[in-house]
Amino acid sequence: MNNSIMAKEAAESPSVIERQIQSNLAIFQNVGEEIRQFDPQLVYIVGRGSSDHAGVFAKYLIEIELGIPVSSSAPSVTSIFKRHLQLKNALVIVISQSGRSPDILQQTEYAKQSGALCLALVNDESSPLADLVDYVVPLKAGEEKAVAATKSFIATLSAVTQLVAHWKQDQALLDALEHLPNKMRESIESENQLTTPYVGKLAHCVVLGRSLGYAISREIALKLKEVCGIHAEAFSSAEFLHGPVTLVEKNLAIIDVTVKDESFESHRDQIEEVAQRGAELCHLTETTTDLHPRLAPLTLLQRFYLDIENIAQELGFDPDNPVGLRKVTKTL
């Protein structure tokens, strides 16, 4: 394993998840009961960057498991256009590593004033965000020094999954979460899936996934941009067929993100179609067996983070300090 901070932090993810499960059990049990009592008619998710991608994961998971509609926020509606949204019967989930971006804080404050039940998933428990919400779920990722988030993003997906499992009182998912840290360790020891020969020749590529796989495809595309300077865009594999598929005729490179859940057959058919059209494919999938399908995306992402870090170093990039980026971004 390489000695970059990014690689070290990515490899800490199994321990972070163990710490979350042990430390946050009472919090999740209490929050799950409070949400059931509140009985939200809508879940509204606030976040930017990787946190917004985690929100897409939360959207799919909550709608699949609980049948409650989920909407992602547009923070500038509040911070720039000064519009207060009516969120009286909504559960607002705010996702932020730092808990300090002004637009996120302002939207949280207005959501609380409107009567929403506000919950923060935050890594910095001393942040201003923690003081604004009804409930705080600490991510327990510890300090993250590398600019490109790894363990904190996986910690967010794990926290979202624990939240849904306790909210739904889904014992099968709760039991599966207990085994997740070891499954993540298996992923760390597994073979590379994304390689330097494939990535090194790319200037542009598309990342295709379906449902929860699409949610992490967005994060994968972001890391390709951040760490290797590659223009990468994520699409739902179903949505890709509605127009963008014409790009395949130009020998488009496609990274296939396959999750073996209920979307598997449909996604596989769509990947076969782009392959027949001439796409240059690289396949990513979960790296362990006997895994609950809702947890498969986390093991896939664990392997990807280590792969992309190694590729960045081999291509001459510094994965710890991507050009032009800062660890904490504050926007209005």
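The values are calculated or read from the model by the stated rules, or taken from the named source; none is laboratory data. None of the values given here were measured: they were computed from a predicted structure. Cβ atoms come from the backbone with ideal geometry, glycine included; neighbour counts cover every protein chain shown.
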Criterion (closer than 23 Å to residue 6 by Cα and either more than 17 Å from the chain's Cα centre (by Cα) or touching a residue at least 24 places away in the same chain (Cβ under 8 Å) (or both)) met by exactly one of 149, 176: 149
Residue match in the range 288-303 (condition: closer than 19 Å to residue 197 by Cβ and outside the structural domain of residue 178 (by TED's automatic domain parsing)): yes
In the range 275-305, the residues that are over 17 Å from residue 220 (Cβ atoms) and at pLDDT below 95: 275, 276, 277, 278, 288, 289, 290, 291
Failed item, numbered, when residue 261 is tested on (1) outside any strand (DSSP E or B); (2) in contact with a helix residue (DSSP H, G or I) (Cβ under 6 Å, 6 or more places away or on another chain): (2)
Residue selected from the range 27-51 under the condition closer than 19 Å to residue 98 by Cα and in contact (Cβ under 8 Å) with a residue 60 or more places away in the chain, by the criterion surrounded by the most Cβ atoms within 10 Å (Cβ to Cβ): 46
Number of the exception - residue 265 against (1) among the acidic types (Asp, Glu); (2) at pLDDT 95 or above; (3) under 18 Å from the mean Cα position of the chain (by Cα): (3)
Condition check for residue 120: modelled with pLDDT of 90 or more, within 20 Å of residue 25 (Cα to Cα), part of a helix (DSSP H, G or I) and in the same structural domain as residue 18 (by TED's automatic domain parsing): no
Among residues of the range 236-280, those that are touching a residue at least 60 places away in the same chain (Cβ under 8 Å), of a type in the set (A, V, I, L, M) and over 22 Å from residue 201 (Cβ atoms), counted: 0
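Rundown of residues vs (1) charged (D, E, K, R); (2) out of contact with any strand residue (DSSP E or B) (no Cβ under 8 Å at 6 or more places or on another chain), yes/no style:
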residue: 173; (1), (2): no, yes
residue: 223; (1), (2): yes, yes
residue: 229; (1), (2): no, yes
residue: 243; (1), (2): no, yes
residue: 254; (1), (2): no, no
residue: 261; (1), (2): yes, yes
Index of the failed condition, residue 218 passing every other in (1) assigned by TED's automatic domain parsing to the domain that holds residue 297; (2) at pLDDT 95 or above; (3) not in a helix (DSSP H, G or I): (3)
Whichever residue in the range 281-319 is in contact (Cβ under 8 Å) with a residue 60 or more places away in the chain and assigned to a strand (DSSP E or B) and, among such residues, is surrounded by the fewest Cβ atoms within 10 Å (Cβ to Cβ): 283
Whichever residue in the range 186-207 is over 15 Å from the mean Cα position of the chain (by Cα) and among the aliphatic types (A, V, I, L, M) and, among such residues, is surrounded by the fewest Cβ atoms within 10 Å (Cβ to Cβ): 203
Single residue of 185, 210, 268 found to be in contact with a strand residue (DSSP E or B) (Cβ under 8 Å, 6 or more places away or on another chain), closer than 24 Å to residue 150 by Cβ and of a type outside the set (Val, Ile, Thr): 210
